[in-house]
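These notes concern the structure reproduced below.
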Amino acid sequence: MPTSGSSPSAGTPTPDPADAAPAQASARRESRSVGKAPSINPDLQARPRPATWSVDRYVEGIRAGDRVALSRAITLVESTQQRHRERAQAVIEACLPYAGDSERIAITGVPGVGKSTFLEALGTTLAENGRKIAVLTVDPSSERSKGSILGDKTRMGALARHPNAYIRPSPTSGSLGGVARKTRETIVLCEAAGFRTLFVETVGVGQSEITVHSMVDVFVLLALAGAGDELQGIKRGIMEMADLIAITKADGGNTRAAEQAGQAYQRALRLFPPTDSGWEPRVLTCSATTGEGINTVWDTIQAYLAHIKSNNHFATQRRAQARYWMHQRIEQRLTQDFFEHPAVRTHLGDIEQQVLDGSLTSFVAAERLLQLYLDDE
């Protein structure tokens, strides 16, 4: 066995530096001749880094319809860093005078019902007719990695490329009902950017869909036919919130089943008490593949909006939503302040361990932590 200073064993060729030098020189010449690859978007290089942007710079960009400024502002809103939260709040407050003049429409339904396909069909039609629309989609976050795929721009490729449309996917980040915690603030920014028709697509149906209902004007529930009992798995509370139910994929051999499902839903809706808006929820069928019924769904949405504006329910609902979000903001800030409190942070781990060990009940543990927080106030 050769030592560290011995020569390589026979049969193993030793590279000659003299042979390698010409090849290296040739590679350098080829690299210089190729040059630097052109940028996909040269305009981005001329923009100042968003971290250096002032609040006025964000607001001016948003008001001018700058998609980069809008996207950066939404990212700022979604950030959990304190310095970002403070700047995001200032941007939102500056945009508020330019917000509010829009139609906010929720699109929800069980996974696989075709929400993205439906939105692309409807959204493309609206964009082609000159409407500026924004689609705020919410992707589920992994409970393990906390990551999201955020693939809605891929599922709505044609709509994402339209100049009158803006699609923004956001992670749920643990929010109830599949609604991102900052979606409400994102709506304000999109309205300030000039988008007058806003769609909020949720992950699926659950008891916490009240969250999305509290930020929109119209609640559209998409449903499937031919999956057994059409009403099974649909919570009564979700149906009570629906202003319109659309049975999707009503094409080909599924047309008859969709019609039957629509009749079943319509009968079920008659059992519910009258709505606060005075509107009788309607059930329609449609196909995003053929386009059949898509315009009828939109016309019904417009009819509902005209109805609630004429009887002042639109304004009443917007005021109630503003109050709800004020309370939500208070709860969020108090929770954040509680867990960042020095005394709570010091004792939280020990008290949690006692709960895990069974030596302390959850209720007593909570009271002790609350007392630590309150004693220092």
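The values are calculated or read from the model by the stated rules, or taken from the named source; none is laboratory data. Computed from a prediction, not measured in an experiment: that's the story for all the values here. Don't worry about glycine lacking a Cβ; one is built from the backbone with ideal geometry, like all the others, and counts go over all protein chains shown.
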| note | Out of (1) surrounded by 20 or more Cβ atoms within 10 Å (Cβ to Cβ); (2) modelled with pLDDT of 90 or more; (3) touching a helix residue (DSSP H, G or I) at 6+ places or on another chain (Cβ under 8 Å), the one residue 276 does not meet is (1)
| query | Within region 39-79, restricting attention to residues that are acidic (Asp, Glu) and more than 16 Å from residue 185 (Cα to Cα), which residue is modelled with the lowest pLDDT? | reply | 43
| note | Checked 357, 375 against criteria (surrounded by fewer than 11 Cβ atoms within 10 Å (Cβ to Cβ), over 30 Å from residue 100 (Cα atoms) and at pLDDT below 95); the one match is 375
| remark: Among the residues of region 82-109, the number that are out of contact with any Lys or Arg (no Cβ under 6 Å at 6 or more places or on another chain) and either in a strand (DSSP E or B) or buried (at least 17 other Cβ atoms within 10 Å of the Cβ) (or both) is 11
| query | Just one of 102, 79 is without any contact (Cβ under 8 Å) to a residue 24 or more places away in the chain and among the small types (Gly, Ala, Ser); which is it? | reply | 79
| said: Checking the condition surrounded by 13 or more Cβ atoms within 10 Å (Cβ to Cβ) and either within 23 Å of residue 183 (Cα to Cα) or at pLDDT 95 or above (or both), which residue from 327, 307 passes? | reply: 307
| Can you tell me which residues in region 89-99 are under 25 Å from residue 210 (Cα atoms) and touching a residue at least 12 places away in the same chain (Cβ under 8 Å)? | 92, 96, 99
| Got a sec? Which of 333, 282 is basic (Lys, Arg) and over 25 Å from the mean Cα position of the chain (by Cα)? | 282
| Among the residues of region 81-92, is there at least one that is modelled with pLDDT of 55 or more and closer than 22 Å to residue 199 by Cβ? | yes
| request: Could you check region 230-349 for helices (runs of 4 or more DSSP H) lying wholly inside it with 1 or more residues that are closer than 23 Å to residue 102 by Cβ? | output: 236-241, 294-310, 313-340
